[in-house]
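A.B. asks: Have a look at this one.
The values are calculated or read from the model by the stated rules, or taken from the named source; none is laboratory data. Everything quoted here is computed from the prediction, not taken from an experiment. With ideal geometry, Cβ positions are generated from the backbone for all residues, glycine too; neighbour counts draw on all protein chains shown.
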């Protein structure tokens, strides 16, 4: 696992009811007992940690938030987009 | 008859609104009938760095035109909206003001707000922390406090009885109206002004709401399959309430009777509403008004267009109404005026009173593709003529704080 994944798992653990649970990239977010408000806090924490903005709406089912791995992929791609748009500007 | 079952009756003798559809009940009501939507791109502050750029802002509100009192002209916008809506309600009621000494202590004023003068606070923090000013404007504190709207209105009309602000997020106005209703019914006062005002649209508050991830970037589409969140708005909704005999004696216009009030708390979750709490509040309001579900012709739903609220509210209505749920007309007028937060219940109470007065059910705008799980009659797109004797107005706030009001026709 890369640095981004480690940091994201650390953020998830902070918001889990049972932080001792095993978390892998394949773990579905639904198994982490995270509620909607916790998810908003997690997204905020991820944005703050990586200096990015994640378009996320609690009213919609979002594929990017299905598993831990899909969150990591989404964050990695937003980091890449942010970097390239920064380079262009 | 003064009493029903030995009880003092409470009537509505005036109402007033400030809304994104315009200022004044007639403008508001004609907007609702026309299915007009007051949600637009934000104009009052810079939306740079925000991905939510729409809101229900009050158009063309000029304190110099809409207000008479100088103290109110210096107040926060939320108090100005309250003062303007209260003036409309008081004028309509033909009550002589300032209220006579004899009646002053028998009058109440409960005007709440979800957050009070938040924009005043944001501005003063900006001055202090960003612009390094050495002091804030001397009126900052008086503008910011959540009781300033009720204080201003009490001063304006000489109300000397129970006067304060009341807070319950998006149920604030309904709780305030219900509170005045109970005070009149129980004999503490004979008349009172109840409602709420909100003017918290600013960059910081939008940023905070945006972080909760419950706002829609496109619009407020209650009960729709594609609903994707609520839209912030501002305004005020105020009722003039009076004991029936008192109103009759002075020949006041009687718009409706406030028949019942229910209030409960979910005691469960800050954001996820419970069917139990909502349906208990509806049941309590029905019992208080001595009506059965089949008597209710119209429900002005809380209908915020969040994924969870609309489904929960539908289920609560179904649970309490049973088969009668299929015959009641429902709409969420938030689809047009947006979510006016603390003021919402007051504005929607005015819509309910107008629905009774005009025998007309306003629509749920934008409801072209209903959620299959929200399968009641939400009066999609177009409003309709219908005999409306009894109308219910629901408010279900963050924190699980519920308030339900039931209005009926003027006593015969």
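A.B. asks: So residue B:101 clears everything in (1) more than 30 Å from residue B:250 (Cα to Cα); (2) out of contact with any strand residue (DSSP E or B) (no Cβ under 8 Å at 6 or more places or on another chain); (3) free of Cβ contacts under 8 Å to residues at least 24 places away in the same chain except one condition, right? Which one?
C.D. replies: (1)
A.B. asks: May I ask you to verify whether residue A:81 is within 14 Å of another protein chain (Cβ to nearest Cβ) and within 25 Å of residue B:217 (Cβ to Cβ)?
C.D. replies: Considered against the rule, which asks whether it is within 14 Å of another protein chain (Cβ to nearest Cβ) and within 25 Å of residue B:217 (Cβ to Cβ), residue A:81 comes out as no.
A.B. asks: I've got another one for you. Could you check the range B:233-251 and list, in sequence order, the residues that are surrounded by fewer than 21 Cβ atoms within 10 Å (Cβ to Cβ) and touching a strand residue (DSSP E or B) at 6+ places or on another chain (Cβ under 6 Å)?
C.D. replies: Matches in the range B:233-251: none.
A.B. asks: Another question about this same structure. Scanning for something touching a helix residue (DSSP H, G or I) at 6+ places or on another chain (Cβ under 6 Å), surrounded by fewer than 21 Cβ atoms within 10 Å (Cβ to Cβ) and outside any loop (DSSP other than H, G, I, E, B), does the range B:6-18 turn up at least one residue?
C.D. replies: Looking through the range B:6-18, at least one residue is touching a helix residue (DSSP H, G or I) at 6+ places or on another chain (Cβ under 6 Å), surrounded by fewer than 21 Cβ atoms within 10 Å (Cβ to Cβ) and outside any loop (DSSP other than H, G, I, E, B).
A.B. asks: Identify all residues within the range B:210-225 that are crowded, with 20+ Cβ neighbours inside 10 Å and outside any loop (DSSP other than H, G, I, E, B); write none if there are none.
C.D. replies: Once the filter is applied, which keeps residues that are crowded, with 20+ Cβ neighbours inside 10 Å and outside any loop (DSSP other than H, G, I, E, B), the range B:210-225 yields B:215, B:224.
A.B. asks: Looking at the range B:295-312, is at least one residue under 21 Å from the mean Cα position of the chain (by Cα), surrounded by fewer than 24 Cβ atoms within 10 Å (Cβ to Cβ), part of a strand (DSSP E or B) and more than 14 Å from every other protein chain (Cβ to nearest Cβ)?
C.D. replies: Scanning the range B:295-312 turns up no residue that is under 21 Å from the mean Cα position of the chain (by Cα), surrounded by fewer than 24 Cβ atoms within 10 Å (Cβ to Cβ), part of a strand (DSSP E or B) and more than 14 Å from every other protein chain (Cβ to nearest Cβ).
A.B. asks: Could you identify the single residue in B:153, B:189, B:180, B:167 that is in contact with a strand residue (DSSP E or B) (Cβ under 6 Å, 6 or more places away or on another chain), touching a residue at least 12 places away in the same chain (Cβ under 8 Å) and closer than 23 Å to residue B:73 by Cβ?
C.D. replies: B:153
A.B. asks: Does residue B:159 meet the test of being surrounded by fewer than 21 Cβ atoms within 10 Å (Cβ to Cβ) and either under 22 Å from residue B:261 (Cα atoms) or modelled with pLDDT of 95 or more (or both)?
C.D. replies: no
A.B. asks: Another question about this same structure. Being surrounded by fewer than 24 Cβ atoms within 10 Å (Cβ to Cβ), more than 24 Å from residue B:399 (Cβ to Cβ) and touching a helix residue (DSSP H, G or I) at 6+ places or on another chain (Cβ under 8 Å), is that true of even one residue in the range B:274-282?
C.D. replies: No, every residue in the range B:274-282 fails to be surrounded by fewer than 24 Cβ atoms within 10 Å (Cβ to Cβ), more than 24 Å from residue B:399 (Cβ to Cβ) and touching a helix residue (DSSP H, G or I) at 6+ places or on another chain (Cβ under 8 Å).
A.B. asks: Mind counting the residues in the range B:79-106 that are over 18 Å from residue B:173 (Cα atoms) and within 23 Å of the chain's Cα centre (by Cα)?
C.D. replies: Of the residues in the range B:79-106, 5 are over 18 Å from residue B:173 (Cα atoms) and within 23 Å of the chain's Cα centre (by Cα).
A.B. asks: In the list B:149, B:211, B:236, which residue meets the criterion of being modelled with pLDDT under 95 and either touching a helix residue (DSSP H, G or I) at 6+ places or on another chain (Cβ under 6 Å) or within 14 Å of chain A (Cβ to nearest Cβ) (or both)?
C.D. replies: One residue alone meets the criteria, B:211.
A.B. asks: Still on this model: Scanning the range A:7-38 for residues that are in contact (Cβ under 8 Å) with a residue 40 or more places away in the chain and assigned to a helix (DSSP H, G or I), which turns out farthest from the other protein chains (Cβ to nearest Cβ)?
C.D. replies: Only one residue fits best here, namely A:9.
A.B. asks: Would a scan of the range B:328-335 turn up a residue that is in a helix (DSSP H, G or I) and buried (at least 23 other Cβ atoms within 10 Å of the Cβ)?
C.D. replies: Yes, the range B:328-335 contains at least one residue that is in a helix (DSSP H, G or I) and buried (at least 23 other Cβ atoms within 10 Å of the Cβ).
A.B. asks: Please go through the range B:16-36 and pick out each residue that is in contact (Cβ under 8 Å) with a residue 40 or more places away in the chain and under 19 Å from residue B:198 (Cβ atoms).
C.D. replies: Listed by number, the residues that qualify are B:16, B:17, B:18, B:19, B:20, B:21, B:23, B:24, B:25, B:28, B:31, B:32.
A.B. asks: Now for a separate question. Could you tell me which of the residues B:254, B:177, B:193 is within 20 Å of residue B:17 (Cα to Cα) and surrounded by fewer than 23 Cβ atoms within 10 Å (Cβ to Cβ)?
C.D. replies: B:254
A.B. asks: A further question on this structure: Is there any pair with a first residue in the range B:63-76 that is farther than 12 Å from residue B:139 by Cβ and a second that is surrounded by fewer than 16 Cβ atoms within 10 Å (Cβ to Cβ) and at pLDDT 90 or above whose Cβ atoms are under 6 Å apart and which are 6 or more apart or on different chains, and what are they?
C.D. replies: As it stands, the answer is B:63/B:73; B:67/B:73, since those pairs meet every condition given.
A.B. asks: Looking for something modelled with pLDDT of 95 or more, assigned to a loop (DSSP other than H, G, I, E, B), crowded, with 21+ Cβ neighbours inside 10 Å and not assigned by TED's automatic domain parsing to the domain that holds residue B:181 - is there at least one such residue anywhere in the range B:264-271?
C.D. replies: Yes, the range B:264-271 contains at least one residue that is modelled with pLDDT of 95 or more, assigned to a loop (DSSP other than H, G, I, E, B), crowded, with 21+ Cβ neighbours inside 10 Å and not assigned by TED's automatic domain parsing to the domain that holds residue B:181.
A.B. asks: Report yes if some residue within the range B:327-340 is within 14 Å of another protein chain (Cβ to nearest Cβ), closer than 28 Å to residue B:206 by Cβ and touching a residue at least 60 places away in the same chain (Cβ under 8 Å); otherwise report no.
C.D. replies: Yes; the residues of the range B:327-340 include at least one that is within 14 Å of another protein chain (Cβ to nearest Cβ), closer than 28 Å to residue B:206 by Cβ and touching a residue at least 60 places away in the same chain (Cβ under 8 Å).
A.B. asks: Sticking with this structure for a sec: Residue by residue through the range A:53-78, note down the ones that are over 10 Å from the mean Cα position of the chain (by Cα), within 13 Å of chain B (Cβ to nearest Cβ) and touching a residue at least 24 places away in the same chain (Cβ under 8 Å).
C.D. replies: A:53, the sole residue that qualifies.
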